[in-house]
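**Student:** Here it is, the structure in full.
The values are calculated or read from the model by the stated rules, or taken from the named source; none is laboratory data. These numbers come from a predicted model, not from an experiment. Cβ atoms come from the backbone with ideal geometry, glycine included; neighbour counts cover every protein chain shown.
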C-alpha cells in the first residue's frame, strides 16, 4: 500500500506540496509505490511515448524506446543523447567558462575561481537549450561521467521486471 497518493507526488514535482506532507516524505523511508506514482507523473509531463525508466535530472531521463526497446538518455523535449551506458554529455552542447571574462558573467571579479585551476563546463540540450548539468573541474580534466545505474538491482528492489536491454 502506498504511503502517498499520485496527486501528492504530482504536487511534490510541481513544487506545490504542503510543508507538513513534504517534511513527512523527506523523513520517512522511500516506498516502492511512490516511485510508480513519480514515474507516472513524469511520463504525463513529456510529449513523447517512450517509457521513462529513471529520472537522471529535472529534465533528463533514462528511457526505453518504443521502436526497439533500447535504453537511451533523453531530454524532456525528446532529444536523444544515445545509449544510456555512454556519457550523454559528449552529445550535448558544451559551454566552457575558461576565461576571466566568461567567469564574470556568473561571479563578480574577486569571487570567481582562477581559470588556471578551475573552469566551468555547462551542458545544454542541442534541441531545446535546457541546461542539464554544470561541472567545475580543473581545465585538463576529462568530461565526468556522473554514474551508470545498476538497473537490475534497482528493479529488484522495486519488485518489478528490469527493462529488456538493461
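**Student:** Any chance you could count how many residues in segment 33-48 are modelled with pLDDT of 90 or more and either under 14 Å from residue 155 (Cα atoms) or part of a strand (DSSP E or B) (or both)?
**Tutor:** Going through segment 33-48 one residue at a time, the tally reaches 1.
**Student:** Next up: Select from segment 89-123 the residues that are in a helix (DSSP H, G or I) and out of contact with any strand residue (DSSP E or B) (no Cβ under 7 Å at 6 or more places or on another chain) and write down the one among them that is nearest to residue 69 (Cα to Cα). Quick ask: steps written out before the conclusion?
**Tutor:** The first filter runs over segment 89-123 and keeps only residues in a helix (DSSP H, G or I), leaving 89-91, 100-103, 109-111.
Within this subset, residues satisfying the condition of being out of contact with any strand residue (DSSP E or B) (no Cβ under 7 Å at 6 or more places or on another chain) are 90, 100-102, 109-111.
Details: 90: 22, 100: 46, 101: 45, 102: 42, 109: 49, 110: 51, 111: 48 Å.
Looking at the filtered set, the residue picked out is 90.
**Student:** Taking strands (runs of 3 or more DSSP E) that fall entirely within segment 49-88, which contain at least 3 residues that are at pLDDT below 95 and within 18 Å of residue 10 (Cα to Cα)? Steps first, answer last, please.
**Tutor:** Numbers: elements: 51-57, 60-64, 71-75, 80-83.
Of the strands (runs of 3 or more DSSP E) lying wholly inside segment 49-88, those with at least 3 residues that are at pLDDT below 95 and within 18 Å of residue 10 (Cα to Cα) span 51-57.
**Student:** Can you spot a residue in segment 57-79 that is closer than 16 Å to residue 122 by Cβ, buried (at least 16 other Cβ atoms within 10 Å of the Cβ) and free of Cβ contacts under 8 Å to residues at least 40 places away in the same chain?
**Tutor:** Checked segment 57-79: no residue is closer than 16 Å to residue 122 by Cβ, buried (at least 16 other Cβ atoms within 10 Å of the Cβ) and free of Cβ contacts under 8 Å to residues at least 40 places away in the same chain.
**Student:** Next up: Mind checking which residues of segment 33-55 are under 14 Å from the mean Cα position of the chain (by Cα) and in contact (Cβ under 8 Å) with a residue 60 or more places away in the chain?
**Tutor:** Once the filter is applied, which keeps residues that are under 14 Å from the mean Cα position of the chain (by Cα) and in contact (Cβ under 8 Å) with a residue 60 or more places away in the chain, segment 33-55 yields 53, 54.
**Student:** Against the condition at pLDDT 85 or above and under 27 Å from residue 163 (Cα atoms), how does residue 30 come out, does it pass? I'd like the intermediate steps shown before the answer.
**Tutor:** Details: at pLDDT 85 or above: no; under 27 Å from residue 163 (Cα atoms): yes.
So residue 30 does not fit the description; no.
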